[in-house]
Amino acid sequence: MIDWLAYTLVRIVGSLLCRVPPAAAVWLGEQLGLLASWLQPRRAQVGRLNLRAAFDGHLPPAQVHRIIRACYRQMGAGVVELLRLPVMDRAYVERYITVEGRRDFEAAAASGRPVIVLTGHYGNWELSSITAALIGYPIVALARAQEKLPRLYRLLVSYRESKGCTIVHKGGAVKR
């Protein structure tokens, strides 16, 4: 039941977000991210503790607070962009997305040899494979199927694959 509700909610919200101009949608996502930071004080506290540990306590509290807020804003914007995948095309990518290192990537791809790109979940990592596929470099992404919300997971995979990405799941990934 929860899977169906999540799926339905994502379809409805995504459909509405696809009708909103990109800048307004991203702004809304940023605001929702800030709301999430306020609604999840424990998660924000974990972030503060991690930053203090990573910087050995040398970051002023105000800077730690700004970093946590920026992370939540970015996460909210990323979720909104993910829900807007159905309306993204090459023109959207060329207008709104900057690819750092694009010339290096294109030179490697032009060499005729396979290119392996390793990346982490940094920034809006979902858009990196979509962007590559839309500018002519189809990506094969490795993924672990999500079992808790299978209907919602299949929807998100269909969004990715509709843009030219191939999703390979655990269990035959090396062969593919």
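The values are calculated or read from the model by the stated rules, or taken from the named source; none is laboratory data. This one's a predicted model, so the numbers in the text were calculated from it and none came from an experiment. Counting neighbours? That spans all protein chains shown, and the Cβs are built from the backbone with ideal geometry, glycine included. These accessible areas exclude ligands, DNA and RNA; they are computed on the full protein's heavy atoms, side chains included. Shrake-Rupley method; radii C 1.70, N 1.55, O 1.52, S 1.80 Å.
Figures for the structure shown
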| read-out | value |
| --- | --- |
| Subset of the range 82-110 [β-branched (Val, Ile, Thr), part of a helix (DSSP H, G or I) and touching a helix residue (DSSP H, G or I) at 6+ places or on another chain (Cβ under 8 Å)] | Val93 |
| Which listed residue is closer than 30 Å to Ala107 by Cβ and modelled with pLDDT of 90 or more, from Tyr137, Tyr122, Tyr159, Tyr153 | Tyr159 |
| Top-ranked residue of the range 112-138 - restricted to ones that are among the hydrophobic types (A, V, I, L, M, F, W, C) and open to solvent by 40 Å² or more (accessible area, probe 1.4 Å), ranked as farthest from Met75 (Cα to Cα) | Val115 |
| Top-ranked residue of the range 139-158 - restricted to ones that are in contact (Cβ under 8 Å) with a residue 40 or more places away in the chain and open to solvent by 30 Å² or more (accessible area, probe 1.4 Å), ranked as nearest to the chain's Cα centre (by Cα) | Leu156 |
| Members of the range 116-138 that are assigned to a loop (DSSP other than H, G, I, E, B) and in contact with a Lys or Arg (Cβ under 9 Å, 6 or more places away or on another chain) | Ile135, Gly136 |
| Complete set of residues in the range 12-30 that are assigned to a helix (DSSP H, G or I) and exposed (fewer than 15 other Cβ atoms within 10 Å of the Cβ) | Ile12, Val13, Ser15, Leu16, Ala23, Ala24 |
| Residue pairs meeting the criteria (Cβ under 9 Å; at least 6 apart or on separate chains; first farther than 15 Å from Thr131 by Cβ and among the charged types (D, E, K, R), in the range 73-87; second open to solvent by 10 Å² or more (accessible area, probe 1.4 Å) and in a helix (DSSP H, G or I)) | Arg73/Glu30; Arg73/Gln31; Arg73/Leu34; Arg73/Ser37 |
| Only one of Val79, Val64, Val46 that is within 17 Å of Tyr159 (Cβ to Cβ) and either of a type in the set (Phe, Trp, Tyr) or part of a helix (DSSP H, G or I) (or both) | Val79 |
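Residue by residue, here is whether (1) surrounded by 15 or more Cβ atoms within 10 Å (Cβ to Cβ); (2) hydrophobic (A, V, I, L, M, F, W, C); (3) under 26 Å from Tyr7 (Cα atoms) holds:
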site	(1), (2), (3)
Val80	yes, yes, yes
Arg90	no, no, no
Arg95	no, no, no
Arg102	no, no, no
Ala110	no, yes, no
Cys165	yes, yes, yes
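One line per residue, one yes/no per condition, for (1) over 20 Å from Gly123 (Cβ atoms); (2) within 16 Å of the chain's Cα centre (by Cα); (3) among the acidic types (Asp, Glu):
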site: Trp4; (1), (2), (3): yes, no, no
site: Tyr7; (1), (2), (3): yes, no, no
site: Ala23; (1), (2), (3): no, no, no
site: Gln31; (1), (2), (3): no, no, no
site: Leu39; (1), (2), (3): yes, no, no
site: His58; (1), (2), (3): yes, no, no
site: Pro61; (1), (2), (3): yes, no, no
site: His65; (1), (2), (3): yes, no, no
site: Arg84; (1), (2), (3): no, yes, no
